[in-house]
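Undergrad: This is the structure I want to talk about, given as structure tokens.
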Amino acid sequence: PPSRTTLRLDAEALTAFLAEAFPGRAPGEIAAITDLRPGHVRMQLTPNDRTLRPGGLISGPTQMGLVDVAAYAVVLAHIGIVPMAVTAGLNIQFLRGCPLVALNADAALLHLGRRTAIIDVRLWTDDAARPVAQASVTYMLPA
């Protein structure tokens, strides 16, 4: 059974799978894995003009996309390549405007069961102690 303390994929295998799973994305559009350890993944997205909203901030949909891919990555790192693990719920709180700089996601696996996973994801730019957003994500795992 899956375990929060045991990784089944390393960063290289996970990166390769994400590139394959999202083939229409240009290089750099999928966040890079910068840290992977049991129960946690950190990813970093380098934003561009297409990720902006009026006011020169990173858009909400871009932030939600990063939250979702970080949650997916931490789940897959622990259960292996299971493409049909799917988002069942995503609740996000935007805490402050997000400037056009590198955006980091820290995804922490709170619960990993046979059918569900619950993940806390915090987005931040220059200081992890000052998140720009916080999200709770639930994933459904196939039987």
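Undergrad: Rounded to two decimals, what is the ratio between the C-alpha radius of gyration of segment 28-88 and 2.2 N^0.38 Å? Numbers along the way, then the final one.
TA: On the way: Rg = 13.0 Å, N = 61, 2.2 N^0.38 = 10.5 Å.
My calculation over the Cα atoms of segment 28-88 gives 1.24.
Undergrad: Would you pull out the residues with amide H under 5 Å of H40's amide H, same chain only if 5 or more places away, H placed 1.01 Å from N?
TA: L109
Undergrad: Hey, another quick one. What stretch of the chain, leaving out the sites themselves, is the longest with no trypsin sites (Lys or Arg not before Pro) in a DSSP loop having at most 12 other Cβ atoms within 10 Å? Walk me through the numbers before you get to the answer.
TA: Numbers: sites that count: R25, R96, R114, R115.
Maximal segment without exposed cleavage sites: 26-95.
Undergrad: Let me ask you something else. Can you give me the relative contact order of segment 1-127 as a percent, contacts being Cα pairs under 8 Å and 6 or more apart? Numbers along the way, then the final one.
TA: On the way: 200 pairs, mean separation 38.8, N = 127.
The value is 31 percent.
Undergrad: Per residue of the chain, what 222 nm ellipticity follows from adding -39500 (n - 2.57) for every DSSP H run with n ≥ 4, rounded to the nearest 500? Provide the component values of the computation, followed by the final result.
TA: Details: 2 runs with 31 residues, N = 143.
Computed mean residue ellipticity for the chain: -7000 deg cm²/dmol.
Undergrad: Next question, about the same structure. How far, in degrees from 0 to 90, does helix 11-21 lean away from the longest principal axis of the Cα atoms of the chain, to the nearest 10?
TA: In the chain, helix 11-21 runs at an angle near 80 degrees to the longest axis.
Undergrad: Follow-up. Given the C-alpha centroids of segment 1-33 and segment 78-143, what is the distance between them in whole angstrom?
TA: Segment 1-33 and segment 78-143 have Cα centres separated by 14 Å.
Undergrad: Calculate, for the chain, the solvent-accessible area per residue in square angstrom, rolling a 1.4 angstrom probe over the heavy atoms of the protein chains. The partial results should precede the final answer.
TA: Working: 7360 Å² over 143 residues.
I get 51 Å² per residue for the chain.
Undergrad: Further, regarding this structure: Using alpha carbons only, how many degrees (0 to 90, rounded to 10) separate the axis of helix 60-79 from the longest principal axis of the chain?
TA: For 60-79 against the chain, the angle is about 20 degrees.
Undergrad: Over the Cα atoms of segment 4-50, what is the Rg over Rh ratio if Rh follows Kirkwood? Each step should come with its number before you reach the end.
TA: Working: Rg = 11.9 Å, Rh = 11.7 Å.
Computed over Cα atoms, the ratio is 1.02.
Undergrad: Still on this model: How much of the accessible area of the chain, probe 1.4 Å, is carbon plus sulfur, in whole percent?
TA: Details: 4020 of 7360 Å².
Here it works out to 55 percent.
Undergrad: Where does each of 63-76, 127-140 land if you order them by average Cβ count within 10 Å, highest first? The partial results should precede the final answer.
TA: Numbers: 63-76: 24.2, 127-140: 17.1.
Averaged packing, sorted descending, gives the order 63-76, 127-140.
Undergrad: If you plug each phi of segment 108-123 into the Karplus form 6.51 cos²θ - 1.76 cosθ + 1.60 with θ = phi - 60°, what whole-Hz ³J(HN,Hα) values come out, in order, with x for Gly and Pro?
TA: Once θ is set to phi - 60°, the couplings for segment 108-123 become 10, 7, 8, 8, 9, x, 6, 10, 9, 9, 10, 10, 9, 10, 10, 9 Hz.
Undergrad: Could you work out the mean projected area of the convex hull around the alpha carbons of the chain, in square nanometres to one decimal? The partial results should precede the final answer.
TA: Details: hull surface 31.7 nm².
Reported value for the Cα convex hull: 7.9 nm².
The values are calculated or read from the model by the stated rules, or taken from the named source; none is laboratory data. A quick note: this is a predicted structure, and the numbers were derived from the prediction, not measured. Note that we place each Cβ from the backbone using ideal geometry, even for glycine, and neighbour counts take in every protein chain shown. The protein model used for the area step is the full one, side chains on, heavy atoms only, and it has no ligands, DNA or RNA in it. Shrake-Rupley method; radii C 1.70, N 1.55, O 1.52, S 1.80 Å.
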